[in-house]
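These notes are about the structure you will find just below.
The values are calculated or read from the model by the stated rules, or taken from the named source; none is laboratory data. Computed from a predicted model, the values in this text were never measured in an experiment. Neighbour counts are summed over all protein chains in view; Cβ atoms, including those assigned to glycine, are modelled from backbone coordinates with ideal geometry. We work out accessible area using only protein heavy atoms, side chains counted, and drop any ligands, DNA or RNA first. Shrake-Rupley method; radii C 1.70, N 1.55, O 1.52, S 1.80 Å.
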Amino acid sequence: MRWSVSIPQFDLTGADAPALRSYLTRAEQLGFEAGWTLEQAVGAAPLLAPLEVLAYAAACTDRLRLGVAVLVSTLHDPLQLAAAATTIDRLSGGRLELGVGAGGPSRRFAAFGVDRQTFLARFTEGLELMKAAWSDTPQVTFSGRFRHLEDVAIAPKPIQRPHPPLWFGGHAPAALARAVRHGDGFMGAGSATTAAFAEQVGVLRRELADQDRDPAGFRIGKRVYLSVDADAGRARDRVLAGIDRIYGGRLRDAAAVAVAGTPADVAGGLAAVLDAGAETIVLNPVGATVADDHEQMELLAAEVLPQLL
């Protein structure tokens, strides 16, 4: 079992870089495997951009792996996204974990100049182009529906070969099949209940068998929104307020996806996620400030995770 933590991204009153540095340093000291960001380019939540936060995190840490789950890569230029990922991978000494997803039909594609009718095709082609950009070939030639390159020089390349590990998001069976076909792992969304995640794990395992992939080479994880407090009611109120900040009240199952309560309550909720098939969990406090998340991280490390050893 590998435990990770979220990297605070809320900027409600002004970015607190020193507090973020302290949080990242402490996460590394506590032995967490990775720190993860998420993406919300448009929306009411004042979230700092994920890749830029990871670049800062690379400068604050030496061992902590640095992940984003997930970028809706359909909304990004593939070559620019590949270059940004390469930069973080190189600056961090090969510690990037890159999560990608196609986005769903309700995504605001028009805001990014993307045709809703072609977003899946753009996602798949963009992924192929990124892999070509990361390849050992110094001059890239690529012919697709949306992009054409003829002997284009692309340098430098990521430290991790053939590229940083690719994690996929999604929930539909077709998305899970794509994850197994093209990716190195799957990260269940924080907005998914543990029961829904267990169903996704079942589909993933069937796809791994059907596509003749070694399960040892494909990791399954889940983000968990949580709050721990000696007062279980206060913990519940805090986590629901935090989820509301992220989703603007649009997540109907907020109470069902949250893990909150006393240390024993939270340990029980996390144990259920493990039983559902998670091999790594991103512990995601949803505080309003970096200090809130730092306090939660300390409580998790001291009072919750020891119950799960």
Test: residue in the stretch 282-302 that is of a type in the set (Asp, Glu) and buried (at least 19 other Cβ atoms within 10 Å of the Cβ): yes
Which numbered condition MET297 fails, given (1) in contact with a Leu (Cβ under 9 Å, 6 or more places away or on another chain); (2) closer than 26 Å to ALA177 by Cα; (3) among the aliphatic types (A, V, I, L, M): (2)
Every residue from the stretch 1-44 that is farther than 16 Å from ALA302 by Cα, open to solvent by 70 Å² or more (accessible area, probe 1.4 Å) and part of a helix (DSSP H, G or I): PRO18, ARG21
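In the stretch 75-159, which strands (runs of 3 or more DSSP E) lie fully inside it and hold 2 or more residues that are open to solvent by 20 Å² or more (accessible area, probe 1.4 Å) and either on the phi > 0 side of the Ramachandran plot or among the aliphatic types (A, V, I, L, M) (or both)?
Of the strands (runs of 3 or more DSSP E) lying wholly inside the stretch 75-159, those with at least 2 residues that are open to solvent by 20 Å² or more (accessible area, probe 1.4 Å) and either on the phi > 0 side of the Ramachandran plot or among the aliphatic types (A, V, I, L, M) (or both) span 148-153.
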ALA85 over 19 Å from TYR225 (Cβ atoms) and in contact with a Leu (Cβ under 7 Å, 6 or more places away or on another chain): yes
Number of the condition not met by MET187 [criteria: (1) outside any loop (DSSP other than H, G, I, E, B); (2) among the aliphatic types (A, V, I, L, M); (3) surrounded by fewer than 20 Cβ atoms within 10 Å (Cβ to Cβ); (4) in contact (Cβ under 8 Å) with a residue 24 or more places away in the chain]: (3)
Residue count for the stretch 54-68, restricted to those that are open to solvent by 10 Å² or more (accessible area, probe 1.4 Å) and closer than 22 Å to ALA179 by Cβ: 1
